[in-house]
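As structure tokens, the structure follows; a few thoughts come after it.
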Amino acid sequence: KEEVEDNTDADMEGALIARDRVGVQDFVLLDSHTSEAAFLNNLRKRYQENLIYTYIGTLLVSVNPYKELDIYTVTQMQLYRGVNFFELPPHLYAIADNAYRVMCSEYNNHFILISGESGAGKTEASKKILQYYAVTCPTTEQLQIVRDRLLLSNPVLEAFGNAKTLRNDNSSRFGKYMDIQFDFKGAPVGGHILSYLIEKSRVVHQNHGERNFHIFYQLLEGGDKDLLCWLGLERNPQKYAYLIQGRCAKVFSINDKNDWKIVRKAFSIIDFSERDIEHLFGIVASVLHFGNIQFEEDSNGHAIIRDGTQIKWISKLLGVHLSILQEALTHRKIEARSEEVLSPLNVDLAFCARDAVAKAIYGRTFTWLVNKINGSLANKDSTRKTVIGLLDIYGFEVLDTNSFEQFCINYCNEKLQQLLIEMTLKAEQEEYELEGIEWEPIPYFNNKIICDLVEQKHKGIISILDEECLRPGEATDLSFLEKLEEKVGDHAHFVTRKLADQRTRKSIDWVDFRLLHYAGEVTYCAVGFLEKNNDLLYRNLKEVLCNSKNGIMRDCFLLSELDNRRRPETVATQFKNSLTSLIEILMSKEPSYVRCIKPNENKEPGK
């Protein structure tokens, strides 16, 4: 039997190697190693033979096949297990196995950085690596629970944090760094997830051709009749204002009903109590009810709610007092001469307050969800662990209209590109110099200049944005744009309509600014930057949520917040600080790289 198995493995290995003679399987072997045309030609040759993986030394280039390939079986996993890195054709499993073997033998920490633009296949790559460890690492019955929780944390986070965009049907709208912890025998014994900047604005607005987060559609499509009845919901997503702005609630490539079943199963394995689940879906439903609240104008020009249906459901699901919630949505509490006064809102401001509370509830619930999953993955044993970190973070993004979210996402990608440069190109060439090796220096663009433009203290775009958000007086998106022109207008990677030459001017609007990123030009619309960066919630709305009888809401909105009069950090500064600590985490580990590439814009296989 063993002989037969050995022969099967050898045959399979031989077939793999023969098949892989298409093009070169390591770009280092290309004769014209500095020619972009030769690089693309090799990539194309291999892609047309369904060979989606190619190395650059130990870095893996992965081209999205946009179809299922039969290269992720358990047999394939076993084939790559414990094998010398270059012995078999390029594969994601080789990267995963190499990091694991070095970690076990040298007892050090690793990370695998998966990068590439939106829709290039980063999330799928991350899941395949996790599955590889789940199947090939040593395990026991007790460890099987940890393994299942690690695997099933994915569908839950995808349901609440991913959405269909124009680029990608399952686009991560948050950043995720997951540490998998291993014991001294190399068995996975725990994990920890860090999440970054969930795209809260999607809750209340989607561009044409895009959807809200998957969980809303999964609940309506898959939730049983009694559950929907208890939540005050109808099956039809067209009934909900927050689900129809993109005009594509139903997508043929997404099976919401099936995904709902996976999420429900995951909850039971990740240790969610029935009460947790009840409260969680109460929150999801209440967000949909918030979106359907309509305001009208009374004779004084103040906002009122005539139809109280939605607000009654919210009151029930969140366990908040009906009349207090109604008052909080139509009034703002302001302090005047040491006493609090209620100031009525006009209709526009009331809609803004409604959207702000829906975004705040969803954003904080997502953080609660990550913490809850972390609690179930935590390893209580204090013995020393080694870790392999998996970074799957939103890809570089260029849309028809780019806003604050794209600015943050692309800044994040600049930082990761800088990390790649620091830890490979720069480090490698410095080592050659130290050792006195003669070599032909490879010119590359060091994007530190763009990172500084965004993040430099007192001088960068984030500092200028914060200044405008925090200064007294009437700050607007246009005054922010003027400040940018004044302070960074002479920077080679920054341009506005006012600063552009005549030819460029035509493609930039008066409310836009353009950054020349390492991956290309992106034009950002400054409208909404101040509001999204401030991300403030009226105090009286916060009071309502702090007094909620829904357990998750009470965890998310703490009463102690009401006593804290300090202004919270702006969104951009929080994001900048969390990226700085992420880079520190990564710099302390041994790196492996997977660069994902999108072969075409239409998600077509074989093209």
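The values are calculated or read from the model by the stated rules, or taken from the named source; none is laboratory data. All of these numbers come straight from a predicted model, not from anything done at the bench. When we count neighbours, we look across all protein chains shown, and the Cβ atoms used for this are built from the backbone with ideal geometry, even at glycine. Each accessible area value is taken on the protein alone, full model and side chains, heavy atoms only, with ligands, DNA and RNA left out. Shrake-Rupley method; radii C 1.70, N 1.55, O 1.52, S 1.80 Å.
What to note about this one:
- Flag for Phe366 being aromatic (Phe, Trp, Tyr), out of contact with any helix residue (DSSP H, G or I) (no Cβ under 9 Å at 6 or more places or on another chain) and closer than 26 Å to His289 by Cα: no
- Whichever residue in region 25-39 is within 16 Å of Tyr55 (Cβ to Cβ) and not in a loop (DSSP other than H, G, I, E, B) and, among such residues, is most open to solvent (accessible area, probe 1.4 Å): Leu29
- Annotation note: of Leu342, Leu349, the sole residue that is modelled with pLDDT under 95 and surrounded by 15 or more Cβ atoms within 10 Å (Cβ to Cβ) is Leu349.
- Only listed residue being within 26 Å of Ser35 (Cβ to Cβ) and modelled with pLDDT of 90 or more, chosen from Gln406, Gln418, Gln429: Gln418
- Search result, residues across region 103-127 that are surrounded by fewer than 19 Cβ atoms within 10 Å (Cβ to Cβ), in a helix (DSSP H, G or I) and of a type outside the set (A, V, I, L, M, F, W, C): Ser105, Glu106, Glu124, Lys127
- Looking at region 532-607, the helices (runs of 4 or more DSSP H) lying wholly inside it that each contain 3 or more residues that are farther than 22 Å from Ile409 by Cβ sit at 539-546, 551-556, 560-563.
- Leu481 vs. criteria in contact with a strand residue (DSSP E or B) (Cβ under 9 Å, 6 or more places away or on another chain), within 30 Å of Ile583 (Cβ to Cβ), of a type in the set (A, V, I, L, M) and surrounded by 13 or more Cβ atoms within 10 Å (Cβ to Cβ): yes
- Selection status of Asp512, in contact with a strand residue (DSSP E or B) (Cβ under 6 Å, 6 or more places away or on another chain) and on the phi < 0 side of the Ramachandran plot: yes
- For region 427-456, the candidate set comprises residues that are in a loop (DSSP other than H, G, I, E, B) and charged (D, E, K, R); within that set, the residue that is most open to solvent (accessible area, probe 1.4 Å) is Glu438.
- Residue match in region 316-323 (condition: among the charged types (D, E, K, R) and either surrounded by fewer than 16 Cβ atoms within 10 Å (Cβ to Cβ) or at positive phi (or both)): no
- Residue check for Tyr411: touching a helix residue (DSSP H, G or I) at 6+ places or on another chain (Cβ under 8 Å), under 30 Å from Leu516 (Cβ atoms) and either modelled with pLDDT of 95 or more or basic (Lys, Arg) (or both): yes
- Residue satisfying condition, being assigned to a helix (DSSP H, G or I) and farther than 22 Å from Gly489 by Cα, within set Gly375, Gly389: Gly375
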